[in-house]
Amino acid sequence: MDSRFWLIALLPPVLGFCLDAILGDPHWLYHPIRLVGNLIAGLEKTVRRLFPNHLRLGGCFLAIAVILITAAIPLGLVICSYWIHWILGIAVETALCYFAIAPRCLQKESMKVYASLKEGNLPMARKNVSMIVGRDTAALDAAGVTKAAVETVAENTSDGVTSPILYLALGGPPLGWAYKAVNTMDSMIGYRNEKYGELGWFAAKLDDIVNYLPARLTALLMILSAYLLRLDGANGYRIWKRDRRCHASPNSAQTESVCAGALHIQLAGDAYYFGVLHKKETIGDNDRPVEPEDIRRTNRLMYVTSILTLILALGIRTVVLGGTLW
């Protein structure tokens, strides 16, 4: 294997991760995920028109179409760029990796909540947290806002960071962006309500499937991260073993339970969504009240977990590419 192999195997995910850490998602830069969202919204209108009485079937069509289109475009870009020159290929792959992961954005948005809480500005904290959670936030007290921010960082450590890193390692940008398509569909139409219960059924189930193994791997790496950060990794493991199934989703409580245990706080519980109370189990023990600093601690936990996942992903990518490079 020559030096080109190692550059192709290692540089795109590493540079993509570094670019996200430095730049995040600049508001002036049109993010490709918005194109995926526009595609989903456009196909939803078509599906509702073509399958008015068979929305579950139409939802299957929508999901498959979105995945294929979203994967095909990065595939074409990567093939064409490497055909022109391998350095261009690395540059294109790097950009596609950069846009596929979002640790900096997750940190930035949650730290807006932290800053508002530290200033004692509860209305602004509610507004900021409403940008990153799906629940109703207008009536949340400071503890409720803090818990919501901690939960979304802990859950999205898998959904928004480690899962795309792992899929990028396994199949490059095409597979990484196919995953992003599934995850975006789940966030847009994967609701169990009257409007999306049938249309989004397939997308929601598919999101559960593609996140099943990454969520569990992320939980284990988060336990290791807790030890590295001198948090209570042993309690994180204990609460994970006990509470990792305490959620309607088979995946969400995996990382939330580790986070709750490592920080000795209680997460989850009842919440309002679109004005309707949803009864939910709690995760973790109420050893102490949550505090704004827990948002900062959870972000550190997220970043160390992400770095460990990246190291693992580089090994996977090296093995995968080792059998395919010319």
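The values are calculated or read from the model by the stated rules, or taken from the named source; none is laboratory data. These numbers come from a predicted model, not from an experiment. Cβ atoms come from the backbone with ideal geometry, glycine included; neighbour counts cover every protein chain shown. Protein only, heavy atoms only, side chains kept; ligands, DNA and RNA dropped before computing areas. Shrake-Rupley method; radii C 1.70, N 1.55, O 1.52, S 1.80 Å.
Values computed for the structure shown
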quantity	calculated
Among Gly120, Gly37, Gly172, residue whose mean-square fluctuation peaks in a GNM of the chain (springs only between Cα atoms under 10 Å)	Gly120
Accessible area expressed per residue, the chain, with surrounding protein chains retained (probe 1.4 Å, Å²)	47
Sequence-distant lysines (8 or more away, or on other chains) whose Cα lies within less than 26 Å of Lys279	Lys127, Lys147, Lys195, Lys205, Lys241
In range of the label at Arg245: residues from region 264-308 whose backbone nitrogen is under 20 Å from the point 7 Å along Cα→Cβ	267-269, 279-285
Mean Cβ neighbour count within 10 Å, used as a protection proxy, ranking 127-136, 12-21 highest first	12-21, 127-136
Euclidean distance of C-alpha centroids, region 120-134 and region 191-263, integer Å	23
Among Met302, Met222, Met188, residue whose mean-square fluctuation peaks in a GNM of the chain (springs only between Cα atoms under 10 Å)	Met188
Convex hull of Cα atoms in region 18-171, direction-averaged projection (nm²)	11.9
Top of Ser116, Ser163, Ser257 by mean-square fluctuation, Gaussian network on the chain, Cα under 10 Å	Ser116
Rg followed by Dmax, in Å, when region 183-326 is reduced to its Cα trace	17.4, 57
MRE, 222 nm, helices only [DSSP H, n ≥ 4, -39500 (n - 2.57), over the chain, to nearest 500]	-24000 deg cm²/dmol
Proximal aspartates and glutamates to Lys45, defined as alpha-carbon separation beneath 20 angstrom and excluding residues fewer than eight positions away on the same chain	Asp186, Glu194, Glu198
Region 120-187: equivalent-ellipsoid semi-axes (sqrt of 5 x gyration tensor eigenvalues, Cα, Å)	31, 11, 8
